[in-house]
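Worksheet for the structure shown next.
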Amino acid sequence: MKRIALLIFVLSAAPAWAHHPLGGQPMETFGHGLLSGIGHPVLGFDHLFFVLAVGLAAVMAGLPRVGSLTYIIAMLLGCGVQYAGLALPLREPMIALSLLVVGGVLASGRAPARGALIALFAGFGLFHGAAFAGAIAAQEGGVSGGVLTGYLIGLGGVQALLAMLAGRVGARALSVGPTGAVPVRLAGAAVAGVGLFLCLEALEPPLLALLL
């Protein structure tokens, strides 16, 4: 029960709906960029749930470091690509789908194929990174190199820490045997449930447009 409670707590730590720790103020220094980079994955519940699921799924597949690192690198690449002006289509639907798919992998209780999991982390990481780039790409005139550096360090650092913590919790749960998989599967079901809700929300506008 303690492990179940801990995993559920990790995945539902009352994240705020706001995505900006600076209250929408412009980023002008390295420190501003660092704080914003740290805050965005924590304050955005969709990103928070996904990176925690990444840590759990990576441990389940026996790739605690490589799996999480793959996501971090792809996420930073996606952020850079979006900031450079190469927009990725369907960002929000893909982020919703990422929660549904990776959450579903965890909920299944089966260790995923390593190659497939790495591909999922890399592909979905690009879209999460593209979404993070909105905070800096939207600023008139762009941001300075110091701000951008701080932002990327914050983004990568905090998500690596979150994935590592989730992975350690998952590894402890799985180490006790078959019963230890229960909290991991419950956490996956919670993530998949959020992903399903977001997918349905993304589908609502086009479906209504067809019906009306």
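Just one of Gly134, Gly85, Gly78 is more than 25 Å from Ala189 (Cβ to Cβ), small (Gly, Ala, Ser) and touching a His at 6+ places or on another chain (Cβ under 8 Å); which is it?
Testing whether each residue is more than 25 Å from Ala189 (Cβ to Cβ), small (Gly, Ala, Ser) and touching a His at 6+ places or on another chain (Cβ under 8 Å) leaves just Gly78.
From Leu196, Leu120, which residue is in a helix (DSSP H, G or I), more than 17 Å from Ile38 (Cα to Cα) and either aromatic (Phe, Trp, Tyr) or in contact (Cβ under 8 Å) with a residue 24 or more places away in the chain (or both)?
Answer to the check: Leu196.
May I ask you to list pairs of residues, at least six apart or on different chains, whose Cβ atoms are under 8 Å apart, with the first in segment 74-87 being buried (at least 20 other Cβ atoms within 10 Å of the Cβ) and the second being of a type outside the set (Gly, Ala, Ser) and not in a helix (DSSP H, G or I)?
Every condition considered, the pairs that remain are Gly78/Leu88; Gln82/Leu88.
Within segment 128-136, does at least one residue satisfy the condition of being in a loop (DSSP other than H, G, I, E, B), crowded, with 19+ Cβ neighbours inside 10 Å and in contact with a Cys (Cβ under 9 Å, 6 or more places away or on another chain)?
Looking through segment 128-136, at least one residue is in a loop (DSSP other than H, G, I, E, B), crowded, with 19+ Cβ neighbours inside 10 Å and in contact with a Cys (Cβ under 9 Å, 6 or more places away or on another chain).
Taking into account only those residues within segment 145-163 that are in contact (Cβ under 8 Å) with a residue 60 or more places away in the chain and surrounded by fewer than 16 Cβ atoms within 10 Å (Cβ to Cβ), which is farthest from Phe45 (Cα to Cα)?
Ranking the candidates gives Thr149 first.
Search segment 38-63 for residues that are on the phi > 0 side of the Ramachandran plot and pair each with any residue that is polar (S, T, N, Q) when their beta-carbon atoms are under 7 Å apart and the residues are at least 6 apart or on different chains.
Pairs that qualify, where the first residue is on the phi > 0 side of the Ramachandran plot and the partner is polar (S, T, N, Q): there are none.
None of the figures in this text is laboratory data; all of them are computed from the coordinates on show. Fair warning: this is a prediction, and the values are worked out from it, not measured in the lab. All Cβ positions, glycine included, derive from the backbone under ideal geometry; neighbour counts span all protein chains shown.
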